[in-house]
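*Asks:* What follows is a structure written as C-alpha cells; I'll ask about it next.
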Amino acid sequence: ARRLGERVGGELGIPVYLYEFAASRPERRNLADIRAGEYEGLAEKLDDPAWRPDFGPAAFVPRSGATVIGARKFLVAFNVNLNTLDKRLANRVALDVREKGRRRRNEHGEPVLDGRGDPVWDPGILRSVKAVGWVIPEFGCAQISMNLTDLEVTPLHVAFDTCDERARERGLRATGSEIVGLIPKAALLAAGRHYLARMGRSTGVPESALLHVAMRTLGLA
C-alpha cells in the first residue's frame, strides 16, 4: 500500500493519505478522520501542517482532489432493517452501537467540550463498527447501515443482535438485514452455529444447514 501511495503521489501528483494498517501515524488510521471535511474542506486541510499528505503535493487541485490508500481486513457492509420509517430513531440506535458513539451533552443539551475545545464523545457498544441510521423508501423501512471493519472483533450475528436489542429498548425491532457486496462464508457459518446453540440445538450439522439457519435468523433475502 505504501509503495502504491508513493507512486500515485509522485507520478500522478495527487495528494495521498495512508490509512488502517498502512497509516503513517495513529491519528490517520481511521478513514473517517481523514475524510472529515470532505472535498469542500480539502483545501483548508492541505494547508494544515498536521494534515500534510503522506505522499504527493500538499496542494489543492480541484480536478483530482486527494486519495486514500490503505491495507485493512475484510470490510463487510451490513444493514439491519427496522420496523419504522423514522430516521431519528434509526440514527439513535446507530449511535448506541457504533464504536465512535455519540457526542456527550450537558443537562441543557449543549455539547460538552474538553480542555482543548474539542467535543467529548461517549463510546458506543461495538468495537470496529461504523454506523448511521437512514431510510430506504423502496424498502419501506429505516435501516442501521454498518461497516464491520473486523469480523473477529464484532461478528455479524453480534452486530445484528445488538441492533435488535437496542431497537427493542425504543419500542422497535429488527425485521431483517442485507449484505452489500461480499462476505466471507465463515462469518455466516459462525452465525449459524451461534443461533443453533442459542436454540439448544446441535451445531454439528452440514454447512448448508448452518447457512440456512443464519440467513433465516438474520432475515437475509
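*Asks:* Being surrounded by fewer than 21 Cβ atoms within 10 Å (Cβ to Cβ) and closer than 17 Å to GLY101 by Cα is the requirement here; does SER128 meet it?
*Replies:* yes
*Asks:* So which of LYS100, LYS45 ends up being assigned by TED's automatic domain parsing to the domain that holds ARG29 and either among the hydrophobic types (A, V, I, L, M, F, W, C) or more than 28 Å from ARG198 (Cα to Cα) (or both)?
*Replies:* LYS45
*Asks:* Looking only at the stretch 1-48, how many residues end up being touching a Leu at 6+ places or on another chain (Cβ under 6 Å) and within 25 Å of VAL129 (Cα to Cα)? Walk me through it before giving the result.
*Replies:* Of the stretch 1-48, the ones touching a Leu at 6+ places or on another chain (Cβ under 6 Å) are 5, 19, 24.
With within 25 Å of VAL129 (Cα to Cα) added as a condition, the list becomes 19, 24.
The total comes to 2.
*Asks:* Could you list all residues from the stretch 27-51 that are under 18 Å from the mean Cα position of the chain (by Cα) and either at negative phi or surrounded by fewer than 12 Cβ atoms within 10 Å (Cβ to Cβ) (or both)?
*Replies:* GLU27, ARG28, ARG29, ASN30, LEU31, ALA32, ASP33, ILE34, ARG35, ALA36, GLU38
*Asks:* Can you run down the residue pairs with Cβ atoms below 7 Å, 6 or more apart or on separate chains, where the first is in the stretch 63-80 and more than 26 Å from ILE179 (Cα to Cα) and the partner is hydroxyl-bearing (Ser, Thr, Tyr)?
*Replies:* GLY65/TYR39; ALA66/TYR17
*Asks:* Test ARG216 against the criterion of being surrounded by fewer than 20 Cβ atoms within 10 Å (Cβ to Cβ), over 23 Å from the mean Cα position of the chain (by Cα), closer than 27 Å to LEU85 by Cα and among the charged types (D, E, K, R), and give yes or no.
*Replies:* In short, yes.
*Asks:* Checking VAL68 against (1) among the β-branched types (Val, Ile, Thr); (2) under 26 Å from SER128 (Cα atoms); (3) assigned to a helix (DSSP H, G or I), which single condition isn't satisfied?
*Replies:* (3)
*Asks:* Could you run through the stretch 136-151 and say how many residues are closer than 20 Å to ASP96 by Cβ and charged (D, E, K, R)?
*Replies:* Looking only at that region, the number is 1.
*Asks:* While we're on this one: Pairs only if they're at least six apart or on different chains, beta carbon under 8 angstrom, first in the stretch 11-25 and closer than 13 Å to LEU46 by Cβ, second among the hydrophobic types (A, V, I, L, M, F, W, C) and assigned to a strand (DSSP E or B); list them, first residue then second.
*Replies:* Final answer for the pair search is PRO15/PHE55; VAL16/PHE55; VAL16/VAL68; VAL16/ILE69; TYR17/VAL68; TYR17/ILE69.
*Asks:* Kindly indicate whether ALA131 is within 18 Å of LEU218 (Cα to Cα), assigned to a strand (DSSP E or B) and without any contact (Cβ under 8 Å) to a residue 60 or more places away in the chain.
*Replies:* Criteria met by ALA131.
*Asks:* Going through LEU196, LEU182, LEU189 one at a time, which residue ends up being assigned to a helix (DSSP H, G or I) and either under 20 Å from the mean Cα position of the chain (by Cα) or closer than 25 Å to GLN143 by Cα (or both)?
*Replies:* Of the residues listed, the single one that is assigned to a helix (DSSP H, G or I) and either under 20 Å from the mean Cα position of the chain (by Cα) or closer than 25 Å to GLN143 by Cα (or both) is LEU189.
*Asks:* Still on this structure, I have one more. Return the residue satisfying two criteria in turn: it lies in the stretch 158-200 and is in contact (Cβ under 8 Å) with a residue 40 or more places away in the chain and touching a Ser or Thr at 6+ places or on another chain (Cβ under 8 Å), and of such residues it is nearest to ARG92 (Cα to Cα).
*Replies:* My answer is LEU172.
*Asks:* In the stretch 94-124, which residues are within 13 Å of the chain's Cα centre (by Cα) and part of a loop (DSSP other than H, G, I, E, B)?
*Replies:* The answer is ARG98, GLU99, LYS100, GLY101, GLY124.
*Asks:* Given the criteria touching a Gly at 6+ places or on another chain (Cβ under 7 Å), among the small types (Gly, Ala, Ser) and either surrounded by 13 or more Cβ atoms within 10 Å (Cβ to Cβ) or assigned to a loop (DSSP other than H, G, I, E, B) (or both), does ALA22 qualify? Walk me through it before giving the result.
*Replies:* Numbers: touching a Gly at 6+ places or on another chain (Cβ under 7 Å): yes; among the small types (Gly, Ala, Ser): yes; either surrounded by 13 or more Cβ atoms within 10 Å (Cβ to Cβ) or assigned to a loop (DSSP other than H, G, I, E, B) (or both): yes.
It is true that ALA22 is touching a Gly at 6+ places or on another chain (Cβ under 7 Å), among the small types (Gly, Ala, Ser) and either surrounded by 13 or more Cβ atoms within 10 Å (Cβ to Cβ) or assigned to a loop (DSSP other than H, G, I, E, B) (or both).
The values are calculated or read from the model by the stated rules, or taken from the named source; none is laboratory data. Note that the coordinates shown come from a computational prediction; the quantities given were computed from them, not determined experimentally. Please note: Cβ atoms are built from the backbone with ideal geometry, for glycine as well, and neighbour counts cover all protein chains shown.
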